[in-house]
Amino acid sequence: MKKIGLALGGGGAKGFAHIPILEVFDELGIKPHCITGTSIGGILGALYAANHSALDIAEMINDLLVKPQKSSLKDFFRNKDLFKFLQLMDPQLSLKPKGLLKGDKLLGFLYEQLEIDSFEKLSIPLKVVATDFWRKEQVVIDKGELLTALRATMAIPYVFTPVIIDDRVLVDGGLVNIVPHDLLDTDCDIRIAVDIMGNSTVSKTKIPSPLDAMFNTVDVLQDALATEKRANHPVDIYLQPPITDIQMIDFHKAELIYKQALLAKDDFKRQLEKMLEEKSGDRHWFRRKR
């Protein structure tokens, strides 16, 4: 059996774009040999590594997100019943907060879904990336407490409270490695990376607004890092689902993000089937489950 390594990139709400990619594995009846993930990629990677199918993950998200009548953020928040996800937000109530949100309620929800508390209990080996804020370096976590690691990989600075592990102050892994395909096991026969940073249709001559500057400055840095890493650590399949005009906080656009990413699914499936056929010469081992 050929070993497939899967790297799931970070991107906040754009993480919904990973679901059609995971659907391909389910439809082919195969599983990755290992998974690496950053931020939302680490969270979805953990759910998948805990034997949740792409459909299971989609249903979990659907339970939290109720589609708004309109796609504007203003209309979305006007409807008090729309965003059940807000019930998982726990503000940091302090005169000197270490972050806007503690993240405990969100992690509690994840634990209910995972029913697993350590990396060692996962069905698929997983590595998640965090950033040591003060040492300005990558921290790879692949053992021990799973929920603590997931909280660290998603800890966007000042949005979520940082996590302290082994005297390190850890924040979102996207600051150092947004698509961690370089961390896939070296014995993988097929290496797949999923980059969900997306693109924008905004005029390239437009002067950035304060909001544009706040969100897109980090995107510029992350894209540069990802491009350099891709050049130095090539993979067999590098996927960039056509995510367009989506910000990392656009959780209310879950259905739109999924539909945009769906456009990449069939081509990815063909690529993977062809590669499996070429690499194995014998497809019996990956026949689809009925």
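The values are calculated or read from the model by the stated rules, or taken from the named source; none is laboratory data. All values reported here derive from a predicted model rather than from experimental measurement. We place every Cβ from the backbone using ideal geometry, glycine too, and count neighbours over all the protein chains shown. Note: accessible area is taken over every heavy atom of the protein model, side chains too, but ligands, DNA and RNA are not part of it. Shrake-Rupley method; radii C 1.70, N 1.55, O 1.52, S 1.80 Å.
So Gly99 fits all but one of (1) open to solvent by 20 Å² or more (accessible area, probe 1.4 Å); (2) at pLDDT below 55; (3) not basic (Lys, Arg); what number is the exception?
It fails just one condition, (1).
Of all the residues that make up segment 117-140, how many are surrounded by fewer than 19 Cβ atoms within 10 Å (Cβ to Cβ) and assigned to a loop (DSSP other than H, G, I, E, B)?
The qualifying residues number 8.
Return the total of residues in segment 154-168 being crowded, with 19+ Cβ neighbours inside 10 Å and not aromatic (Phe, Trp, Tyr).
6
Within segment 169-203, how many residues are within 21 Å of Ala149 (Cα to Cα), of a type outside the set (D, E, K, R), open to solvent by 10 Å² or more (accessible area, probe 1.4 Å) and not in a loop (DSSP other than H, G, I, E, B)?
Result for segment 169-203: 3.
So is Gly15 touching a strand residue (DSSP E or B) at 6+ places or on another chain (Cβ under 6 Å) and either open to solvent by less than 10 Å² (accessible area, probe 1.4 Å) or not in a strand (DSSP E or B) (or both) or not?
When the stated conditions are applied, Gly15 does not pass them.
If the Cβ limit is 7 Å and pairs must be 6+ apart or interchain, which residue in segment 260-279 that is touching a residue at least 12 places away in the same chain (Cβ under 8 Å) and in a helix (DSSP H, G or I) pairs with which residue that is open to solvent by less than 90 Å² (accessible area, probe 1.4 Å) and polar (S, T, N, Q)?
The qualifying pairs are Gln260/Thr244.
I need every pair where a residue in segment 141-153 that is more than 13 Å from Ile164 (Cα to Cα) and open to solvent by less than 10 Å² (accessible area, probe 1.4 Å) has its Cβ under 7 Å from the Cβ of a residue that is at pLDDT 95 or above and assigned to a helix (DSSP H, G or I), sequence separation at least 6 or different chains.
Leu146/Ala46; Leu146/Phe119
Name every residue in segment 179-220 that is touching a residue at least 24 places away in the same chain (Cβ under 8 Å) and out of contact with any helix residue (DSSP H, G or I) (no Cβ under 9 Å at 6 or more places or on another chain), in order of residue number.
Matches in segment 179-220: Leu183, Leu184, Asp185, Asp187, Cys188, Asn199, Thr201, Phe215.
Scanning segment 20-38 for residues that are touching a helix residue (DSSP H, G or I) at 6+ places or on another chain (Cβ under 7 Å) and either at pLDDT below 95 or assigned to a strand (DSSP E or B) (or both), which turns out surrounded by the most Cβ atoms within 10 Å (Cβ to Cβ)?
The residue in question is Thr38.
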